[in-house]
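To start, the structure itself, in structure tokens.
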Amino acid sequence: MITNQTILSIREYGKVSLRLSQLMDQRGMTRNELAKSIHTRFEVVDKWYRGDVSKIDLDILARICYVMGCTVEELLVYEAP
């Protein structure tokens, strides 16, 4: 719903959550395996796994989706307030 309020005046607008840990656990994949598969450092995958990402790197997102065989919608979930 769009109102006359600006995003800066809205205190509760929801959040985006990462579901990488759930998807990896379902598939039995470790963080080390994913890091090697997408050719990045363990620390990068660990941040995604813990949901500690503040800015999304679209290249990393695409690699994760490709290797995990999932869609962006399965990995990122918007939670309304």
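The values are calculated or read from the model by the stated rules, or taken from the named source; none is laboratory data. As the structure is a computational prediction, the values presented were derived from the model and not from experiment. Don't worry about glycine lacking a Cβ; one is built from the backbone with ideal geometry, like all the others, and counts go over all protein chains shown. The area values use the complete protein model at the heavy-atom level, side chains included, leaving out ligands, DNA and RNA. Shrake-Rupley method; radii C 1.70, N 1.55, O 1.52, S 1.80 Å.
This table checks each residue for (1) touching a Leu at 6+ places or on another chain (Cβ under 8 Å); (2) touching a residue at least 12 places away in the same chain (Cβ under 8 Å); (3) not charged (D, E, K, R).
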{"residue": "22", "(1), (2), (3)": "no, no, yes"}
{"residue": "31", "(1), (2), (3)": "no, yes, no"}
{"residue": "35", "(1), (2), (3)": "no, no, yes"}
{"residue": "38", "(1), (2), (3)": "no, yes, yes"}
{"residue": "47", "(1), (2), (3)": "no, no, no"}
{"residue": "58", "(1), (2), (3)": "no, no, yes"}
{"residue": "78", "(1), (2), (3)": "no, yes, yes"}
Margin query: Against the condition open to solvent by 50 Å² or more (accessible area, probe 1.4 Å) and at pLDDT 95 or above, how does residue 15 come out, does it pass?
Written below: no
Can you find even one residue in the stretch 19-42 that is of a type outside the set (S, T, N, Q), open to solvent by less than 40 Å² (accessible area, probe 1.4 Å) and modelled with pLDDT under 95? no
Subset of the stretch 67-81, residues outside any loop (DSSP other than H, G, I, E, B) and either open to solvent by less than 60 Å² (accessible area, probe 1.4 Å) or touching a helix residue (DSSP H, G or I) at 6+ places or on another chain (Cβ under 9 Å) (or both), comes to 67, 68, 72, 74, 75, 76, 77
Given the conditions (1) surrounded by fewer than 13 Cβ atoms within 10 Å (Cβ to Cβ); (2) more than 10 Å from the chain's Cα centre (by Cα), every one holds for residue 52 apart from (2)
